[in-house]
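Below: the structure, in structure tokens.
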Amino acid sequence: MSEQSTQEGSTTGITMQKQVDEREKVVSVPSWLLYLIILSIPLVNIIMLFVWAFGSGVNKNKSNLAKASLILAILYTILFIVLSFMIGSVVSSLLEEFFIFN
């Protein structure tokens, strides 16, 4: 019985080793091209970024890039909102002055 559990344990260890190797191997150029093509499709890109960022069997390189892309998207969205309010207030004050003097 102990031999069988040892064999099962070694098989599990080999399977875990293959999974770790798949997550850490270098991503090829065609794989990166496919990655970029998928990211160019609206709405699909957001879903896939979350899948790649937080999925369990995803290559670490793709996972880190997806996490960084999500962080940048959040920062750009916040920056866009702040700048929109600033520009809107400037335009509003300029229009207000224009209509007061005319």
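The values are calculated or read from the model by the stated rules, or taken from the named source; none is laboratory data. Quantities reported herein were computed from a predicted structural model and do not represent experimental measurements. Here the Cβ is made from the backbone with ideal geometry for all residues, glycine too, and neighbour counts use every protein chain on show.
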**Inter-residue pairs, beta-carbon under 7 Å, first without any contact (Cβ under 8 Å) to a residue 24 or more places away in the chain and in region 27-42, second surrounded by 10 or more Cβ atoms within 10 Å (Cβ to Cβ), 6+ apart** = Ile38/Val44; Ile38/Asn45; Ile38/Met48
**Item:** For Val51: the one exception among (1) of a type outside the set (Phe, Trp, Tyr); (2) in a loop (DSSP other than H, G, I, E, B); (3) at pLDDT 90 or above; (4) surrounded by 10 or more Cβ atoms within 10 Å (Cβ to Cβ)
**Value:** (2)
**Request:** Being touching a helix residue (DSSP H, G or I) at 6+ places or on another chain (Cβ under 7 Å) and surrounded by 11 or more Cβ atoms within 10 Å (Cβ to Cβ) is the filter here, so list the residues in region 20-48 that pass it.
**Result:** Arg23, Val27, Tyr35, Ile38, Leu39, Val44, Asn45, Met48
**Fill in**
Here the residues within region 54-73 that are in a loop (DSSP other than H, G, I, E, B) and either surrounded by 10 or more Cβ atoms within 10 Å (Cβ to Cβ) or of a type in the set (Ser, Thr, Tyr) (or both) are Gly55, Ser56, Val58, Asn59
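Please find, within region 14-48, the residue that is modelled with the highest pLDDT out of those that are hydroxyl-bearing (Ser, Thr, Tyr) and in a loop (DSSP other than H, G, I, E, B).
Taking the candidates together, the pick is Ser40.
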**Residue, farthest from the chain's Cα centre (by Cα), within region 48-80, restricted to residues that are within 19 Å of Leu34 (Cα to Cα) and of a type in the set (Val, Ile, Thr)** = Val58
**Prompt:** Hey, any hits in region 74-84 for a residue that's surrounded by 13 or more Cβ atoms within 10 Å (Cβ to Cβ), of a type in the set (A, V, I, L, M, F, W, C) and in a helix (DSSP H, G or I)?
**Reply:** no
